[in-house]
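Working notes for the structure below.
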Amino acid sequence: MIVVMEPRAAEQRINQVVERLKSLGFEVHLSRGVEKTIIGAVGERRAEAAQAIEAMPGVEKVVPILHQFKLAGLQFKPERSVINVSGIEFGGEKVVCIAGPCAVESREQLIAVAEAAKQAGADMLRGGAFKPRTSPYSFHGLEEEGLKLLAEAREVTGLPFVTEVVNPRDIELVASYADMLQIGARNMQNFTLLREVGASGKPVILKRGLSATIEEWLNAAEYIISAGNWNVILCERGIRTFETFTRNTLDVSAIPAVKSLSHLPIIADPSHATGKSKLVPAVALAAVAAGADGLLIEVHPCPSEALSDGPQSLTPAEFKSLMTELRPIAAAVGRLL
Ligand code: PEP
Ligand code: MN
C-alpha cells in the first residue's frame, strides 16, 4: 500500500507511521517530495492494516498499489527519477546519446568509434565485452581485455561507458571497470542476475525482453530496485512481432506508456529495433519525439567488417549527421541534445 502523508507532515509523525508499518510486517520505502512524503509499504495486503494506518495522525490517505511492481511505479514516486551516471544525467532535460560498437573488437576499432562519437556530441560510449549471441558459434567478445579497452577509450575521450553483463559471477569484474551495466534483452528475466545487479548498486540499463510485456519489464526493474539499486534506466529495443522485414519492431508507444506508469527514465535503441542502418535515423527521431530520455546507437568504423551487428551499425559520418537531425526534434519536444 501507499501511505500519503499530509502536506509538510512532521518528521515525528512520519517516523511513527514507519515504525507501525514495520511492526505490522511491512518493508518500508520513503519517497520525500517537496510538499508530500509518500511511504511505500511492501507486504501482504490486509484491510485491517490499511485501516489502522489511515487512522494515524499526519496520514492523509492510504491507497492500494494497483500494479505488481511498486517501487518502480509512479504511485509510490510521483516525481521523475533523474539518474546520474558519472556526471551524465538520465531523465533530465538533456536527451542522452550513447554510441559505440556492438562489440569491442580491437583497440583501433574502439578508439576510432569513441573519438568519432565524442566529436559528434555523444555523451557516453557503449561496447560489448561479454556478448550474449543467438548462436554458440558466433563471436562472444573479448571479455576482460574488452573492458580494459573501454577504460582506455574513456581515458582518451572522457566519455563514460556502459557494457553488458551476462552472468552474475562477472558483475564484480565488469562493475570495477564500467560506469554503468547493461542487462540485455535475453536476460531481462534472469532473476538471479537482476538481484545481483541490484545488490551491486551500479547504474543499470535494463533492456526490454524480446517478448516481454510492459508489466513484466517493470517487474524486472522492481527486482533490481527491491535489491537496493534505484539507478535503473529502461531501454525499449524492439519486440518480436510477425514482421520480419525489420529485426524487431520498436514499440514507440511503450515510451509514453512507461512514463505513465513509472518514474524511471526510458531510452530507445533503434539499432536492435530495426536491424537495418538505413532505418535507424528515422526511428531514432521518432523515439525522441515520443519522449525518450536517451538513445543507444550502434556505430562501427567499418560496418561491413563488424564481428557482430554490422548491418544495423551506422558509420561515424552517418552518426554525426543523425546527431544534427536529432537536435531540432529534441528542441521541438522541449529537450536539449
Ligand atoms: C546489444 O546491446 O548489443 C544487445 C545485445 O542488445 P539486446 O540485448 O537488446 O539484443
Ligand atoms: Mn548489438
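Kindly list the number of the only condition in (1) touching a Cys at 6+ places or on another chain (Cβ under 7 Å); (2) within 12 Å of ligand 1 (Cβ to nearest atom) that fails for residue 294. Unmet condition: (2).
Checked against (1) surrounded by 22 or more Cβ atoms within 10 Å (Cβ to Cβ); (2) away from ligand 2 (no atom under 16 Å from the Cβ), residue 101 passes all but condition (2).
The number of residues in the range 288-300 being open to solvent by less than 10 Å² (accessible area, probe 1.4 Å), away from ligand 2 (no atom under 15 Å from the Cβ) and either within 22 Å of residue 138 (Cβ to Cβ) or without any contact (Cβ under 8 Å) to a residue 40 or more places away in the chain (or both) comes to 0.
Which one is farthest from the chain's Cα centre (by Cα) among residues in the range 264-280 that are assigned to a helix (DSSP H, G or I) and either free of Cβ contacts under 8 Å to residues at least 40 places away in the same chain or surrounded by fewer than 20 Cβ atoms within 10 Å (Cβ to Cβ) (or both)? Among residues in the range 264-280 that are assigned to a helix (DSSP H, G or I) and either free of Cβ contacts under 8 Å to residues at least 40 places away in the same chain or surrounded by fewer than 20 Cβ atoms within 10 Å (Cβ to Cβ) (or both), the one farthest from the chain's Cα centre (by Cα) is 278.
Residues in the range 81-90 that are surrounded by 13 or more Cβ atoms within 10 Å (Cβ to Cβ) and within 22 Å of residue 158 (Cβ to Cβ): 82, 83, 85, 86, 88, 89, 90. Looking only at the range 22-80, which residues are assigned to a strand (DSSP E or B) and of a type in the set (D, E, K, R)? 27, 32, 60, 61 - these are the residues of the range 22-80 that are assigned to a strand (DSSP E or B) and of a type in the set (D, E, K, R).
Residues of the range 195-205 that are in a strand (DSSP E or B) and exposed (fewer than 15 other Cβ atoms within 10 Å of the Cβ): none at all. Residue 192 falls short on exactly one of the conditions (1) open to solvent by 50 Å² or more (accessible area, probe 1.4 Å); (2) assigned to a helix (DSSP H, G or I); (3) touching a helix residue (DSSP H, G or I) at 6+ places or on another chain (Cβ under 7 Å); (4) touching a residue at least 40 places away in the same chain (Cβ under 8 Å), and that condition is (4). For the list (1) open to solvent by 20 Å² or more (accessible area, probe 1.4 Å); (2) within 16 Å of ligand 2 (Cβ to nearest atom); (3) in contact (Cβ under 8 Å) with a residue 40 or more places away in the chain, I need the number of the one condition that residue 208 fails. Of (1) open to solvent by 20 Å² or more (accessible area, probe 1.4 Å); (2) within 16 Å of ligand 2 (Cβ to nearest atom); (3) in contact (Cβ under 8 Å) with a residue 40 or more places away in the chain, only one is false for residue 208: (1).
Listed by first and then second residue, the pairs linking a residue in the range 301-319 that is under 14 Å from residue 127 (Cβ atoms) and open to solvent by less than 70 Å² (accessible area, probe 1.4 Å) to a residue that is modelled with pLDDT under 95 and within 13 Å of ligand 1 (Cβ to nearest atom), with Cβ atoms under 8 Å apart and 6 or more places separating them unless they lie on different chains, are 308/131; 308/133; 308/138; 308/139. Do the conditions hold for residue 227, that is, is it more than 28 Å from residue 314 (Cβ to Cβ), surrounded by fewer than 19 Cβ atoms within 10 Å (Cβ to Cβ) and among the hydrophobic types (A, V, I, L, M, F, W, C)? Against the criterion (more than 28 Å from residue 314 (Cβ to Cβ), surrounded by fewer than 19 Cβ atoms within 10 Å (Cβ to Cβ) and among the hydrophobic types (A, V, I, L, M, F, W, C)), residue 227 qualifies.
Exactly one residue among 262, 321, 277 is of a type in the set (S, T, N, Q), modelled with pLDDT of 95 or more and within 26 Å of residue 222 (Cα to Cα), and that residue is 262.
When the residues of the range 40-80 are filtered to those that are outside the structural domain of residue 25 (by TED's automatic domain parsing) and of a type in the set (S, T, N, Q), the one that is least open to solvent (accessible area, probe 1.4 Å) is 75.
Of 285, 234, 218, 261, all but one fail to be under 23 Å from residue 150 (Cβ atoms), touching a residue at least 24 places away in the same chain (Cβ under 8 Å), in contact with a Leu (Cβ under 7 Å, 6 or more places away or on another chain) and of a type outside the set (Ser, Thr, Tyr); the exception is 234.
If I filter the range 131-176 down to residues being among the aromatic types (Phe, Trp, Tyr) and open to solvent by 20 Å² or more (accessible area, probe 1.4 Å), which single residue comes out as farthest from ligand 2 (Cβ to nearest atom)? Ranking the qualifying residues of the range 131-176, first place goes to 137.
The values are calculated or read from the model by the stated rules, or taken from the named source; none is laboratory data. For clarity, every value in this text was computed on a predicted model and none was experimentally measured. So basically every Cβ, Gly included, is an ideal-geometry build from the backbone, and we count neighbours across all protein chains shown. Accessible surface areas use protein heavy atoms only, side chains included; no ligands, DNA or RNA. Shrake-Rupley method; radii C 1.70, N 1.55, O 1.52, S 1.80 Å.
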